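I have placed the structure first, in the form of structure tokens, so that the comments after it can refer back to it.
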Amino acid sequence: MESLYTADMTDLIMESHELSTMINQSREVSDYLQAKRQMEEDAEVQRLLSVFEAKKLQYEDVQRFGKYHPDFNHISKEVRELKRTIELMDSVQAFKRAEDRLDELLYQVSRTIADAVSGTIKVPSNNPFLEAKSSGCGSGGSCGCSVKKH
């Protein structure tokens, strides 16, 4: 007969602290923090972000009237172009890549924990491809198949 060990809340909290320490010491977190710092120290990015915030306020103002506002198309185009300019900057792209790698690590850890409990537990992700992989047939997804519950 198999012996069952029931972890109490204290054990779970201690183990979760150990796991969070390991995650915080990972390459992904280190790269993320370095990329974030570099982006925050990039004077041109910071200047453009300030301009973007001001444009965003203008955009929100014209949004109240929508396409009937005389500056709607002009402001909308400026906001899109400014956003694109910011997204193409090297330090912003490096930050986004590091953020995606960290998100992937956190998703994989969450997915591993969820799967250890049950294959039907949903794990949210910022990446729609990861969510799609975990919602297909056999995982209790939208296909309507019956999934054996643990």
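The values are calculated or read from the model by the stated rules, or taken from the named source; none is laboratory data. Nothing here was measured: the structure is a model prediction, and the numbers come from that model. When we count neighbours, we look across all protein chains shown, and the Cβ atoms used for this are built from the backbone with ideal geometry, even at glycine.
Looking only at segment 38-51, decide whether some residue is closer than 30 Å to His17 by Cα and either of a type in the set (Asp, Glu) or exposed (fewer than 12 other Cβ atoms within 10 Å of the Cβ) (or both).
Checked segment 38-51: at least one residue is closer than 30 Å to His17 by Cα and either of a type in the set (Asp, Glu) or exposed (fewer than 12 other Cβ atoms within 10 Å of the Cβ) (or both).
Check Ala43, Ala7 and return the single one that is without any contact (Cβ under 8 Å) to a residue 40 or more places away in the chain, small (Gly, Ala, Ser) and over 26 Å from Val92 (Cβ atoms).
Ala7
Here is a yes/no grid of residues against (1) out of contact with any His (no Cβ under 8 Å at 6 or more places or on another chain); (2) at pLDDT 95 or above; (3) closer than 25 Å to Phe129 by Cα:
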position: Met1; (1), (2), (3): yes, no, no
position: Arg37; (1), (2), (3): yes, yes, no
position: Glu44; (1), (2), (3): yes, yes, no
position: Arg47; (1), (2), (3): yes, yes, no
position: Ser50; (1), (2), (3): yes, yes, no
position: Arg101; (1), (2), (3): yes, yes, yes
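Within segment 72-128, how many residues turn out to be closer than 20 Å to Glu40 by Cβ and not in a helix (DSSP H, G or I)?
2
Can you tell me which residue is modelled with the lowest pLDDT among those in segment 74-88 that are out of contact with any Lys or Arg (no Cβ under 8 Å at 6 or more places or on another chain) and either closer than 14 Å to Val51 by Cβ or surrounded by 14 or more Cβ atoms within 10 Å (Cβ to Cβ) (or both)?
Of everything passing the filter in segment 74-88, Ser76 is modelled with the lowest pLDDT.
Rundown of residues vs (1) closer than 30 Å to Val123 by Cβ; (2) touching a strand residue (DSSP E or B) at 6+ places or on another chain (Cβ under 9 Å); (3) of a type in the set (A, V, I, L, M, F, W, C), yes/no style:
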| residue | (1), (2), (3) |
| --- | --- |
| Ala7 | yes, no, yes |
| Thr10 | yes, no, no |
| Thr21 | yes, no, no |
| Ser26 | yes, no, no |
| Val29 | yes, no, yes |
| Ala54 | no, no, yes |
| Val62 | no, no, yes |
| Glu78 | no, no, no |
